[in-house]
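Asks: Can you read through this structure? Questions will come right after.
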Amino acid sequence: MTSPAAEATSVATIRSFVGSRQVRRRAWYDWYAMGFAVVLFAILASDVLAEPFSRLTAAPGASPPAQAVAGAALVVAAAAGLLVLAQTFGPLAIAPADASWLLLSPLNRRAVLRRPLTTTSVLAALAGAVLGMLALAMAGPYLPRAHHELSAWLVLAAIGGAGFFTAAVLTAVLAQPSRRQRGRLRAAAATVSAAAVLLGVAGRRWSGLAHAVTAGFEHISYLTASVLAAVALAAACGAVLMARRMLPLFPAGVLRDDSVRAGRTRLAASFLNVPLLTWVAEDNRWRGQLLASRPWPRLPNALTLAWPRLSPAFTLAWADWRRLGRRPAPLAVLVASTLAPALVAAAITGHARGLTIAATVLAGALAAGTQGAAALRRDANDPTLRRLLGVDAGAALAARAALPALLSAAWLTVALTVLVLAGALSGRLWPALGLVAAPGAAAAALRIARAEPIDPSQRGPDTPISTPPWLATRAISALLGVIGCFPLLKAVRAGRADGGTFVAQLALSVIVLGGYLFFAAR
Amino acid sequence: MLTCTPASKTGPGAPAAHPRYGEDVTEPTVVVCGMRLGYGQFVVLDEVDLTVAEGEIVAVTGVNGAGKSTLLSCLAGLHRQLAGTLTVLGSPPRDDAAFWRAVAIVADLPTWYPGLTVREHLELVRLTHSPIRGWCLPADELIETFGLVARADAVPLDLSSGQRQRLSLAAALARPSRLLLLDEPEQSLDAQFRQELAGLLREGYAANGGTVIMATHDADFATAAGARRILLAEGRVAAPGLAGPTP
């Protein structure tokens, strides 16, 4: 008896059929653009990585123990974060068109999925190799090695990092069909990340802890590292084998949903489309959940009588408050992320240190603010509800600015306090400075939330030598954040703040948020 | 005229016949007993009992959110039931090559390949399901039947929503199957073509032994297809074999 699968058309034939009918083949300028991008990326990456890798040849005294511990913690946290990111959007996914036409068919599923699995494995191995070498660079000054062994250590670190990270990502592939297993893996990665961040920050505060960790580094012999690399390689090979064995049984329903989501994510990320990214992230979250409906809150009568416009605007804005209350996990992540600037401050040295801390502070403030603008994202382009409630655009936007401003204020205050406690900043003014900088960050968060989705067919040509117009509109939101928080960011970069900084920040925050509300609501 | 496409004409080097999924099964095409369906904590359908015979057309009706699409998704094995038993062509949905050779589903609009035309999408379906054995229509005839002659060489992204719906339905009939699951096939279709589609399902697909289960809100379409109507209400099968207006 001949099995049906054996008679079916091969996946290679199908791919050839589809590939040969592509509208446009790659021309020389496409290859030029790609080569240009690769070279540019390599130059930028080498500039960023030069400082950490310079520690490999540094003497132990050149890098304090706290810095080595914080650096290693940062690498571990980054690996855990990458794993969660990969797991959120797959990690095994095929092109949406393939999911529509090849998945629910008699084609050999192993053959359909082999290429995406290979891509996932290669990307994981590359990322893991870089992470492994970075971890080595962080611990480098404390490793017992002679200079002539440096390349061997690098090779071992790359193999170890690639092996362990590939095994982790493929474990996520194995867990992909089960919602429960996915949740467990995400929780484990979050725990590892939180522990690493805490260790990194604590190492800066308590030098004994940092010394204990670096003493551990000194006991890692060349032989131990070789064994670890071999174990990592074996783990990766085992994970690859298990994943390949699982391919024919990979559930079509899960793969179809994940592939469609990954396709949307790629599209949204390509155009920095935050509303679509949020929708992708939240779509699965709310489906299947039963929420306790509660009556819409009412303002006290005295307030309503005093400001008749306030009540409906407040009603409209309340959706964001309620959503936030129903999602404690992002809040917990936000609280944990307040440690990030301190960890960066502990791990990074050199001329880019101040700028990196300031960038982390701004990114955190914007992320906190956007958490309070989700409902705004959803109905930014639909004024129906606003008209229904009889709220004018200005009042609605002002009411909706309150939560992003509060969240940004809370995040900045805590993050700056942690920076002070960790010894990265000195003075008592920082928490207050965080409070007054929040409106500036809130204006940027509101603009990010209100940015209209980009229609790919209307975006204009992308060329290697010109900035796509859509990128400029997205960059303006970040620029608004930089302008709104400029005195704070400048002070963080310099490590000094005084009364003048406070006054300047207060004035700028009021101007930026007020100006944004005035112009955006017109 | 509707034609049968023999394997010997279309299959590349088609070998001798092999048993198809559920071919030797004498029991009904679909048997559902006490099935419960839901998402997380939310139960959509409970205690669903349903039997569909070979060659039968069944229209599942119900208000929005009644669970029609979820039921179809479960029959295709894309969604797992919380409780109860489900048999499709003699065994639980297996999500393997033989199952997808026997079962076709048209639910959400598919994502189209940007470089393929209407005709090429249909050819792709036949290629992925070759060797072709059993009743189905060749690409040219489908293009004519589904009114896509003028747009046969256009890419689907250039079609209207109704034409895309026609194409996705045509794709389901471009390959043989024994069970066809359609989620609101009447969407975006004009009244005249709905009647033509109903006739095609009744006189072409079902008459050749295929079973159709479709979720629909169009009573006339269901009647024209000669469908037995099942009403889903309040999370249960409220009226099996209903013969009234469709919600």
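The values are calculated or read from the model by the stated rules, or taken from the named source; none is laboratory data. Remember, it's a predicted structure, so these values are computed and weren't measured experimentally. Glycine gets a Cβ as well: all are built from the backbone with ideal geometry, and neighbour counts include every protein chain shown. Heads up: the accessible areas ignore ligands, DNA and RNA and are worked out on the full protein's heavy atoms, side chains in. Shrake-Rupley method; radii C 1.70, N 1.55, O 1.52, S 1.80 Å.
Asks: Within the group A:Val18, A:Val112, A:Val76, A:Val38, which residue is closer than 25 Å to A:Ala196 by Cα and part of a helix (DSSP H, G or I)?
Replies: Answer to the selection: A:Val76.
Asks: Checking the conditions here, which among A:Leu412, A:Leu397, A:Leu389, A:Leu429 is more than 26 Å from the chain's Cα centre (by Cα) and open to solvent by less than 20 Å² (accessible area, probe 1.4 Å)?
Replies: The match here is A:Leu397.
Asks: Filter segment A:308-326 down to the residues that are crowded, with 16+ Cβ neighbours inside 10 Å and either of a type in the set (A, V, I, L, M) or not in a helix (DSSP H, G or I) (or both) and list them by number.
Replies: Listed by number, the residues that qualify are A:Arg309, A:Leu310, A:Ala313, A:Leu316, A:Ala317, A:Ala319, A:Leu324.
Asks: What are the residues in segment A:491-513 that are surrounded by fewer than 17 Cβ atoms within 10 Å (Cβ to Cβ) and not small (Gly, Ala, Ser), if any?
Replies: Answer for segment A:491-513, where residues must be surrounded by fewer than 17 Cβ atoms within 10 Å (Cβ to Cβ) and not small (Gly, Ala, Ser): A:Arg493, A:Arg496, A:Asp498, A:Val503, A:Val510, A:Ile511.
Asks: How many residues are away from chain A (no Cβ under 12 Å) and under 22 Å from B:Gly55 (Cα atoms) if we restrict to segment B:147-173?
Replies: Selection size over segment B:147-173: 3.
Asks: Would you mind stating whether B:Gly65 is of a type in the set (Gly, Ala, Ser), within 11 Å of chain A (Cβ to nearest Cβ) and without any contact (Cβ under 8 Å) to a residue 40 or more places away in the chain?
Replies: no
Asks: Modelled with pLDDT of 75 or more, within 33 Å of the chain's Cα centre (by Cα) and open to solvent by less than 60 Å² (accessible area, probe 1.4 Å), is that true of A:Ala99?
Replies: Spelling it out, A:Ala99 is indeed modelled with pLDDT of 75 or more, within 33 Å of the chain's Cα centre (by Cα) and open to solvent by less than 60 Å² (accessible area, probe 1.4 Å).
Asks: Does segment A:79-107 hold any residues that are outside any helix (DSSP H, G or I) and either among the basic types (Lys, Arg) or within 14 Å of chain B (Cβ to nearest Cβ) (or both), and which are they?
Replies: Passing the criteria: A:Ala93, A:Ile94, A:Ala95, A:Leu102, A:Leu103, A:Leu104, A:Ser105, A:Pro106, A:Leu107.
Asks: If I go through segment B:180-210 residue by residue, how many of them are part of a strand (DSSP E or B) and in contact with a Phe, Trp or Tyr (Cβ under 9 Å, 6 or more places away or on another chain)?
Replies: Residues meeting the conditions: 1.
Asks: Residues being open to solvent by 10 Å² or more (accessible area, probe 1.4 Å) and touching a Gly at 6+ places or on another chain (Cβ under 7 Å): count how many of those fall in segment B:190-213.
Replies: Of the residues in segment B:190-213, 4 are open to solvent by 10 Å² or more (accessible area, probe 1.4 Å) and touching a Gly at 6+ places or on another chain (Cβ under 7 Å).
Asks: Would you point out the residue of segment B:15-36, among those that are open to solvent by less than 30 Å² (accessible area, probe 1.4 Å) and part of a loop (DSSP other than H, G, I, E, B), that is modelled with the highest pLDDT?
Replies: Looking at residues that are open to solvent by less than 30 Å² (accessible area, probe 1.4 Å) and part of a loop (DSSP other than H, G, I, E, B), I get B:Thr29.
Asks: Can you tell me which of (1) under 24 Å from B:Glu56 (Cα atoms); (2) more than 10 Å from chain A (Cβ to nearest Cβ); (3) modelled with pLDDT under 95 is the one B:Ala76 doesn't meet?
Replies: (2) is the only condition that B:Ala76 fails.
Asks: Exactly one of (1) away from chain A (no Cβ under 11 Å); (2) closer than 16 Å to A:Ser105 by Cα is unmet by B:Gln195. Its number?
Replies: (2)
Asks: Search segment B:124-140 for residues being more than 8 Å from chain A (Cβ to nearest Cβ) and not in a loop (DSSP other than H, G, I, E, B), and hand back the single one that is least open to solvent (accessible area, probe 1.4 Å).
Replies: My answer is B:Ala139.
Asks: Is segment B:141-148 home to any residue that is within 24 Å of A:Arg110 (Cα to Cα), without any contact (Cβ under 8 Å) to a residue 60 or more places away in the chain and either touching a Pro at 6+ places or on another chain (Cβ under 8 Å) or crowded, with 23+ Cβ neighbours inside 10 Å (or both)?
Replies: Within segment B:141-148, none of the residues are within 24 Å of A:Arg110 (Cα to Cα), without any contact (Cβ under 8 Å) to a residue 60 or more places away in the chain and either touching a Pro at 6+ places or on another chain (Cβ under 8 Å) or crowded, with 23+ Cβ neighbours inside 10 Å (or both).
Asks: Quick check on my filter: what residues within segment A:449-462 are modelled with pLDDT of 65 or more and either in contact with a Gly (Cβ under 7 Å, 6 or more places away or on another chain) or surrounded by fewer than 24 Cβ atoms within 10 Å (Cβ to Cβ) (or both)?
Replies: Result: A:Arg450, A:Ala451, A:Glu452.
Asks: Can you name the condition, by its number, that B:Phe99 falls short on among (1) aromatic (Phe, Trp, Tyr); (2) open to solvent by 10 Å² or more (accessible area, probe 1.4 Å); (3) under 17 Å from the mean Cα position of the chain (by Cα); (4) within 11 Å of chain A (Cβ to nearest Cβ)?
Replies: Single failed check for B:Phe99: (2).
Asks: Now, a different point. Which residues, counting only those in segment A:108-126, are within 14 Å of another protein chain (Cβ to nearest Cβ) and either in contact with a His (Cβ under 9 Å, 6 or more places away or on another chain) or surrounded by fewer than 21 Cβ atoms within 10 Å (Cβ to Cβ) (or both)?
Replies: A:Asn108, A:Arg110, A:Ala111
Asks: Still on this structure, I have one more. Considering only segment B:105-119, how many residues are facing chain A (nearest Cβ under 8 Å) and in a strand (DSSP E or B)?
Replies: Result for segment B:105-119: 1.
Asks: Another one. Could you grab me the full set of residues in segment A:26-58 that are of a type outside the set (Ser, Thr, Tyr), in contact with a Pro (Cβ under 7 Å, 6 or more places away or on another chain) and open to solvent by 60 Å² or more (accessible area, probe 1.4 Å)?
Replies: Hit for segment A:26-58 is A:Phe36, nothing else.
Asks: Look at segment B:37-49 and say how many of its residues are away from every other protein chain (no Cβ under 14 Å), surrounded by fewer than 16 Cβ atoms within 10 Å (Cβ to Cβ) and more than 22 Å from the chain's Cα centre (by Cα).
Replies: Here the count works out to 1.
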